[in-house]
1. Just going by the charge dipole of the protein assembly as shown, with Lys and Arg at +1 and Asp and Glu at -1 on Cβ, which of B:C161, A:P208, B:M381 is farthest out on the positive end?
2. For A:H143, project a label point 7 Å along Cα to C-beta. Then give me every residue of the stretch B:1-44 with its amide nitrogen under 17 Å of that point.
3. GNM, chain B, Cα, under 10 Å: largest mean-square fluctuation among B:G32, B:G187, B:G313?
4. Roughly how far apart, in whole Å, are the Cα centres of the stretch B:109-159 and the stretch A:164-178?
5. Could you put A:L54, B:L347 in order, starting from the residue whose Cβ has the fewest other Cβ atoms within 10 Å?
6. Would you please calculate the Kirkwood hydrodynamic radius of the stretch A:35-126 over all C-alpha pairs and express it in Å, rounded to one decimal?
7. Return the distance in nm (one decimal) between the two label points of a simple spin-label model at B:I300 and B:Y378, each offset 7 Å from Cα along Cα→Cβ.
8. Quickly estimate the mean residue ellipticity at 222 nm for chain B, helices only: each DSSP H run with n ≥ 4 gives -39500 (n - 2.57), and the total goes over all residues, rounded to 500.
Amino acid sequence: MAESQIIVQLKDIRKTYITGDLQVPVLKGINAQVERGEFVGFIGTSGSGKSTLLNILGMLDVPTSGEYLLEDVDVSRLSDVEQATIRNRKIGFIFQSFNLFPALTVEQNIEVPMLYARVPGRVRTKRALELAKRVGLGHRLGHKPTQLSGGECQRIAIARALSNSPAFILADEPTGNLDEKTSNEIMELFHELNREQNVTIVMVTHNPALGPHYDKIIRLRDGRIDDRLFEWEIARQQQLQQQQEAAQ
Amino acid sequence: MMLIRDLVGLSFRNLLLHKLRSLLTSLGVIFGVGSVIAMLAISEGAKHSALAQIEAMGIDKVIVFSRRPPIDGKSESSSENASVMERFGLTEQDRQHISRMDNVERITALFDTRNKILKGLQRMDLKLVGCDRAFLNETAAEIEDGRWFSKIDFDSNAQVCVIGMNVKRKLFTLGDTNVIGSNLRIGDHVFRIIGILDNPYATQLPEVGGQNDMILIPMTTGKILFKDYTFLREGRQFKITRVEYDIFLVKVNDTFFIDNTSKRISGYLEKTHEATKDWGMIVPLELLRQRERTQNIFTIVMGSIAGISLVVGGIGIMNIMLASVYERRKEIGTRRALGAQKSDILLQFLIETVFLTTSGGITGILVGVLIGKIITNYSGMETIYSWWSIILALAISCIVGVIFGTYPAYQAAQQNPINVLRSE
Ligand SMILES: Nc1ncnc2c1ncn2[C@@H]1O[C@H](COP(=O)(O)OP(=O)(O)OP(=O)(O)O)[C@@H](O)[C@H]1O
Ligand SMILES: [Mg+2]
């Protein structure tokens, strides 16, 4: 195994929503870490706090307490502008409902993060074409999102997330709105990106069937990490053990 | 800079995405700017034509005129049958004196013969006026047909006349081609018509009236035939009026000395015409200045009224932009997630509003020009579109966008990205 480089470190992250007199504790002390190049899945039932945690990872939300280190930097010390810059350069966001901009063409959609990075127009155009080709939609650059299918939209959203070559992709149920076949294609695309470009991916899902795709799974249950393993994880570990034994 | 260009492109695309809404949103600004443009054009036009009329009187002149002095109690109580001898107004002596003043270049005089002009039995509102030969050059009038008086006409006291446009209209039938050369009979005298005069501004002279309503004869002829005396019968009463001159057009060699010269003239006349106030004075330059002042106030008032509709339009835009911020929370959140700074969001919405108001402003300018053209067509009012009014309208619509776009843009920038991402 290569030297382990920790990109994300969460220390006792807690999040409590306060609505009126009511306090709703959503995250009750999360300790976790993600290594560079890992493909991590957050699995948990609906309402278990997955999106909340992902938003904290993306610096869109702040934890009530606890420490979040991104590449060894405590993000709570960063200014608004610095956080936005990190979101722009280091993080790629992917949403369940794609969140493409309907007024813009596919090409312009892909260019948006580059726009905020002040990348010159000609470079943007070139990169957009490159990325569209990478996700298999090089011929749809001039189309509007409304002219694309769900799977195609998500591919464009992935291309957009990749436009500033982020080290880290945050995806909130990216296949939640897609059928099984398309889901598998999209998951395959994530795998390829993870392998080829060594992008770290943190993906949220409530679908345990996607479990086998991930290198590591963090299971959330009632605001805490659940250490119990899935059956397939036990099976996989046994398999690995057998391989090691065979090698010896 | 690069971002601004892209944001302008983005606003344009957003505008096209909601064509009808964009149009309705900017309607207030369109009509606001339209009315600013139309009002400025109308008031500029009014100013222009009013000033042109005053200018046609000659801003290098002081106009002095004779005027019947106010009737005092004594002459009223005199017996009914008594004939009254009235003598007033400007005299040859005044003329001599004024023409010797500093800075006075020339005096052109008019003398109203006070004859009744009849067409059949009907009295016409026309005047038979003796004038100096320089009169034509001293006014905005032009010879429309025929010729002006020659020196010989003056020297020989010729019985010739030049008639104004309205005289021709009132005394001759339409399409009469033999006006020039025909004879005009006034009282016991006959005058041959040698020319027709047209003053396009229809300049009015005090007491004597419009230039186009005059039958002009040489001053020399007039003095000989009518002797400064006018006999008028009013009921059983005879009235003899003696007026030497009715109008002096005093030309001053430099407009710089107008104020000074007019003061000296009035000082002199006050002294010599001590007993009665039988004269008056008009200084066109002074009128011009006054008129300009009142016109400017008028323009400001009109502009302000139109400006209010712009403010109303701006508030409408602000309202809709605020609604649009709420509606586009998801877009804002997504942009923040993709790395937009708060300032990027602020700029985007601000540019969008300014784009909306400015394109509304451009449309408004076209609408304003159209309104002005329609008004000119139906009312004949002159409209003038100045460059500054168009630039002003553009600047105003831009500023309206900045003023009313800042608050919605600030609201957009302050949206909490998680809340907006959750709101599906
Ligand atoms: N702004 C808020 N105020 C109060 N409670 C909130 C707020 N946002 C989220 N919650 C609560 O926090 C809990 C976790 O929400 P979260 O969206 O993180 O769940 P999730 O695991 O992503 O669920 P799902 O799989 O349905 O997306 C939910 O019970 C939700 O009601
Ligand atoms: Mg969720």
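1. Projecting each Cα onto the dipole axis, the largest value belongs to B:C161.
2. Counting backbone N atoms under 17 Å from the label point, the list is empty.
3. B:G187
4. If you average the Cα positions of each part, the centres end up 97 Å apart.
5. Starting with the residue having the fewest Cβ neighbours, the order is B:L347, A:L54.
6. 15.6
7. Using points 7 Å along Cα→Cβ, the separation is 3.1 nm.
8. On the way: 14 runs with 232 residues, N = 424.
So the helix-based figure for chain B works out to -18500 deg cm²/dmol.
Bear in mind these aren't lab numbers, they're just calculated from the coordinates by the rules spelled out. Fair warning: this is a prediction, and the values are worked out from it, not measured in the lab. Don't worry about glycine lacking a Cβ; one is built from the backbone with ideal geometry, like all the others, and counts go over all protein chains shown.
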